[in-house]
């Protein structure tokens, strides 16, 4: 997309949550929830913008504990467990908007369509500046925060890649900014283990 840089510095999940809280505190609830949902679900920005209430709410109108999404970029299905702060943010937005249209966009622009990617980029950058981040923060930074958090909990690049929707562990490790050598070490160790299977 012209005019929108693609590089993104990683940030910590707590910083992403703070960015959302800042906007919510300024009376920009939808925008704050967007940041928290994007980071907390590890979504690419277009997948986040395309979320509808039917996908994230159960039959009682409560946020689901998990959702299965088909990623627009890859076409792959992905199970996502919603962190409590994500469920709380969705519930808060739902209560504030009073939206009863199950197929309506969670991040509606007020005209029945999702907010634009360009608007999302701008609000994410401004929120990062608002909490004092000097890094180049973009929607991808929010996804990286999620991927890094999951990797730090598992220390398992294969499991983390499957959770985050990456094709392979090497791609994941490069994506979250770990040194290439670390990814090569993982592959080397895995190769040693797998090599024993054929003997």
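The values are calculated or read from the model by the stated rules, or taken from the named source; none is laboratory data. The shown structure was predicted, so the numbers you read here are calculated from the model rather than taken from an experiment. For neighbour counting, all protein chains shown are included, and Cβ atoms are generated from backbone atoms with ideal geometry for every residue, glycine included.
Given the criteria in contact with a strand residue (DSSP E or B) (Cβ under 7 Å, 6 or more places away or on another chain), within 23 Å of residue 166 (Cβ to Cβ) and exposed (fewer than 12 other Cβ atoms within 10 Å of the Cβ), does residue 77 qualify?
Answer is yes for this residue.
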Evaluate the following for residue 33: is it in a strand (DSSP E or B), in contact with a helix residue (DSSP H, G or I) (Cβ under 9 Å, 6 or more places away or on another chain) and surrounded by 15 or more Cβ atoms within 10 Å (Cβ to Cβ)? no
Unique match (being surrounded by 14 or more Cβ atoms within 10 Å (Cβ to Cβ), out of contact with any helix residue (DSSP H, G or I) (no Cβ under 6 Å at 6 or more places or on another chain) and at negative phi) among 90, 82: 82
Can you find, within segment 107-137, the residue that is surrounded by the fewest Cβ atoms within 10 Å (Cβ to Cβ) among those that are in a loop (DSSP other than H, G, I, E, B) and in contact with a helix residue (DSSP H, G or I) (Cβ under 6 Å, 6 or more places away or on another chain)? 131
Assess whether residue 178 counts as being modelled with pLDDT under 90, more than 17 Å from the chain's Cα centre (by Cα) and not in a helix (DSSP H, G or I). yes
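Can you tell me which of 95, 89 is within 25 Å of residue 110 (Cα to Cα), without any contact (Cβ under 8 Å) to a residue 24 or more places away in the chain, assigned to a helix (DSSP H, G or I) and in the same structural domain as residue 44 (by TED's automatic domain parsing)? Before you say what the answer is, go through the steps one by one.
Values: 89 fails: without any contact (Cβ under 8 Å) to a residue 24 or more places away in the chain.
Selected residue: 95, the only one of 95, 89 that is within 25 Å of residue 110 (Cα to Cα), without any contact (Cβ under 8 Å) to a residue 24 or more places away in the chain, assigned to a helix (DSSP H, G or I) and in the same structural domain as residue 44 (by TED's automatic domain parsing).
Does residue 67 satisfy the condition of being part of a helix (DSSP H, G or I), within 17 Å of the chain's Cα centre (by Cα) and within 19 Å of residue 103 (Cα to Cα)?
So residue 67 does not fit the description; no.
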For segment 47-58, state whether one or more residues are over 17 Å from residue 33 (Cα atoms), in contact with a strand residue (DSSP E or B) (Cβ under 6 Å, 6 or more places away or on another chain) and part of a loop (DSSP other than H, G, I, E, B). no
Filter result (more than 17 Å from the chain's Cα centre (by Cα) and either in a helix (DSSP H, G or I) or at pLDDT below 90 (or both)) within segment 138-158: 154, 155, 157, 158
